[in-house]
Amino acid sequence: MREVAGKRQGGGSPCAACKLLRRRCAEDCVFAPYFPADQPHKFASVHKVFGASNVNKLLQELPVQHRSDAGATLVYEANARVRDPLYGCVGAISSLQQQVDALQTQLAIAQAYR
């Protein structure tokens, strides 16, 4: 199945979003380019966290050239929210920042004793 300017070309199975929502996947389906049928887990987590209607609105409001990045970001944030419902990506970033701070402190101590 080819994609041209955000529209599906040719036949094939419905996208992951339409399959999960149990609806017919239209040729101009806003979800199809970003949630392919062979990766249903991606849309499932996005739908669970954000809801299909909100994702639809968000994608429709963005220029086409930014939708792919938004789709990937939604998947990343949804997966982070499934792991950490309260903080999501911010929790992961905070944890990594604490690790960086601790390692920088250890490095400064090690360099001071050279």
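Worth pointing out:
- Criterion applied to Ala72, Ala37 was being out of contact with any Leu (no Cβ under 6 Å at 6 or more places or on another chain), of a type in the set (Gly, Ala, Ser), closer than 17 Å to Cys15 by Cα and not in a helix (DSSP H, G or I), and the one residue passing it is Ala37.
- Val100 in contact with a Ser or Thr (Cβ under 9 Å, 6 or more places away or on another chain) and in a helix (DSSP H, G or I): no
- Exactly one residue out of Gln65, Gln98 is outside the structural domain of Cys29 (by TED's automatic domain parsing) and at negative phi, and it is Gln98.
- Of the residues making up the range 75-105, those that are among the hydrophobic types (A, V, I, L, M, F, W, C) and in contact with a helix residue (DSSP H, G or I) (Cβ under 9 Å, 6 or more places away or on another chain) are Val75, Ala78, Ala80, Val82, Cys89, Val90, Ala92.
- Residues (over 21 Å from Phe43 (Cα atoms) and surrounded by fewer than 10 Cβ atoms within 10 Å (Cβ to Cβ)) located in the range 67-98: none
- When the range 68-114 is filtered for residues that are farther than 25 Å from Pro36 by Cα and of a type in the set (Ser, Thr, Tyr), the ones remaining, listed by number, are Tyr87, Ser94, Ser95, Thr105, Tyr113.
The values are calculated or read from the model by the stated rules, or taken from the named source; none is laboratory data. Computed from a predicted model, the values in this text were never measured in an experiment. Using ideal geometry, Cβ is built from the backbone for each residue, glycine included, and neighbour counts are taken over all protein chains shown.
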